[in-house]
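Since every read-out is calculated from the coordinates, none of them should be taken as a lab result. Since this is a predicted model, take the numbers as computed values, not measurements. FYI the Cβ positions are ideal-geometry reconstructions off the backbone, even for glycines, and counts take in every protein chain you see.
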Amino acid sequence: MKHEWSNMTWAEVGDRLRESKLVIFPTGSVEQHGLHLGVGADWIQAWEIARRVGERSGATVLPVLPYGVSAHHDDFPGVLTLDPATYQEAILEILESLDRDGVTHVVFMNGHGGNLGALTGAAKEAREAFGMLCAIVQWWDILERKPIKGNPAEQHAGYAETALTLASRPGAVRMDRAVLSPTKQVEGEIRVLRAGLAEFRDGLVRIPLKTGDVSDTGSMTEADPVKFPGTRDYSAVTEDFAETLMNEVVDWMCAFVEEFEGFELPPIEVSKEKAEKALKT
């Protein structure tokens, strides 16, 4: 457990950061995940992936930030959310702390897509203010080209997310209640894929909606509901399947962390004024 930031003394943190300037930062959310996954699914998955990567690779793993940007889900009980500006500012201030300790490379293991805009904004500001390099890893991006039992990996509370939660914390899974609901539709050519994204003819259009607008259960196909009408049989998501999928994600991330630690770009000019400006905006 020596790779976990929270388990180290301040002196051990200092020693570790003299050996490696890279840290893994797990981020997630507290929000509904259908009828069968605990509301902590996103941060639970992110933490377990990061923990295993640290254990296997030796990379330093920060404490998980469990709260995220989830206002679009807040018509369901149990959702705890931060404003995007608040979230971005909090992330940036943590990055500033890491910069003071000499960290140069940060790998976010992000378990919630709603955080992406704020994480990207904070990463850009950290690059400008501190010269820091940040990478944002999301497990569904790792599995982008790999259908999970014929379904997209990104499905909210779908096969992949259920499997990763099962591999992370079995007590947060109620498999007997598992059901993936097709997004609710209205008449016409516009087909709602998920809260915020719809399909019209051969193109996509952004229509900001609440999750409750498109789902009664809080799980979503996040794909064309005609092609993927929903899943009710989760019997394929066994403990063995879950562990295999988790290992695939962890293997990929271990390889990426090793490569990213040596990833260097020409230095940019940074200054105290830039840092102060970033932290004020």
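How are the Cα pair distances of the range 94-196 distributed, in percent, across 10 Å bins from 0?
Answer for the range 94-196: a P(r) of 12, 31, 28, 21, 7, 1 percent.
Assuming 0.36 nm per residue, please report the length gained on full extension of the stretch Glu12 to Asp141 beyond their Cα-Cα distance.
Numbers: separation 129, 0.36 × 129 = 46.44 nm, distance 3.35 nm.
Full extension from Glu12 to Asp141 adds 43.1 nm.
Under the Kirkwood approximation applied to all pairs of distinct alpha-carbon atoms, what is the hydrodynamic radius of the chain in Å?
For the chain, inverting the mean 1/r across all distinct Cα pairs yields 19.7 Å.
What are the ³J(HN,Hα) values, in whole Hz, obtained from phi via the Karplus relation 6.51 cos²θ - 1.76 cosθ + 1.60 with θ = phi - 60°, for each residue of the range 209-217 in sequence order, with x given for Gly and Pro?
For the range 209-217, the Karplus-derived couplings read 9, 8, 4, x, 5, 10, 8, 8, 9 Hz, x marking Gly and Pro.
Measure nothing but the geometry: give the 0 to 90° angle between the long axis through the Cα atoms of 159-168 and the longest principal axis through the Cα atoms of the chain, rounded to 10°.
Around 50 degrees separate the two axes.
Taking 0.36 nm per residue of sequence separation and subtracting the Cα-Cα distance, how much length would be gained by fully extending the chain between Leu35 and Ala255, in nm to one decimal?
Once the chain is fully extended between Leu35 and Ala255, it gains 75.7 nm.
May I ask for the net charge around Thr9, where only other residues with Cβ less than 15 Å from the Cβ of Thr9 are counted and Lys, Arg are +1 while Asp, Glu are -1?
With Lys, Arg at +1 and Asp, Glu at -1, the net is -1.
In whole Å, what three semi-axes, largest first, describe the equivalent ellipsoid of the range 1-153 built from its Cα gyration tensor (square root of 5 times each eigenvalue)?
26, 18, 15
Would you please state which residues of the range 217-242 a label at Met175 would reach in this model, taking the label point 7 Å out along Cα→Cβ and a backbone N cut-off of under 11 Å?
Counting backbone N atoms under 11 Å from the label point, the list is 234-242.
Considering only the other residues whose Cβ falls under 12 Å of the Cβ of Gly188, what net charge follows from Lys and Arg at +1 and Asp and Glu at -1?
Once all neighbours under 12 Å are counted, the net charge is -1.
Enumerate the residues in the range 38-69 having an amide nitrogen under 16 Å from the point lying 7 Å beyond the Cα of Lys2 toward its Cβ.
Hits in the range 38-69 for Lys2 at 16 Å: 54-61.
With each pseudo-label sitting 7 Å past Cα toward Cβ, what's the Phe263-Gln185 distance in nm, one decimal?
3.9
How high is the relative contact order of the chain, in percent, counting Cα pairs under 8 Å that sit 6 or more residues apart?
21
Which of Ala242, Thr104, Leu62 sits closest to the plus end of the dipole of the chain, meaning its Cα is farthest towards the positive end, when Lys and Arg get +1 and Asp and Glu get -1 on the C-beta?
Ala242
Helix 116-130 against the longest principal axis of the chain: what's the angle in degrees, Cα atoms only, rounded to the nearest 10?
The angle comes out at about 10 degrees.
Expressed as an acute angle from 0 to 90° and rounded to the nearest 10, what is the orientation of the C-alpha long axis of helix 84-100 relative to the principal long axis of the chain?
Taking the Cα atoms of the chain, the angle to 84-100 is about 30 degrees.
Which of Asp216, Asp15, Asp224 moves most in a GNM of the chain, Cα contacts under 10 Å?
Per the Cα network of the chain with a 10 Å cutoff, Asp15 tops the list.
Can you give the Kirkwood hydrodynamic radius for the range 146-281, in Å, rounded to one decimal and based on Cα pairs?
On the way: mean 1/r = 0.0558 Å⁻¹.
About 17.9 Å, per the Kirkwood formula over Cα pairs.
As a test of the formula, what do you get for the chain when each DSSP H run with n ≥ 4 contributes -39,500 (n - 2.57) and the sum is divided by the residue count, at 222 nm and rounded to the nearest 500 deg cm²/dmol?
Details: 9 runs with 109 residues, N = 281.
Per the formula, -12000 deg cm²/dmol.
What is the spin-label model distance, in nm, from Ser235 to Asn247 if the labels are put 7 Å beyond Cα along the C-beta direction?
2.5
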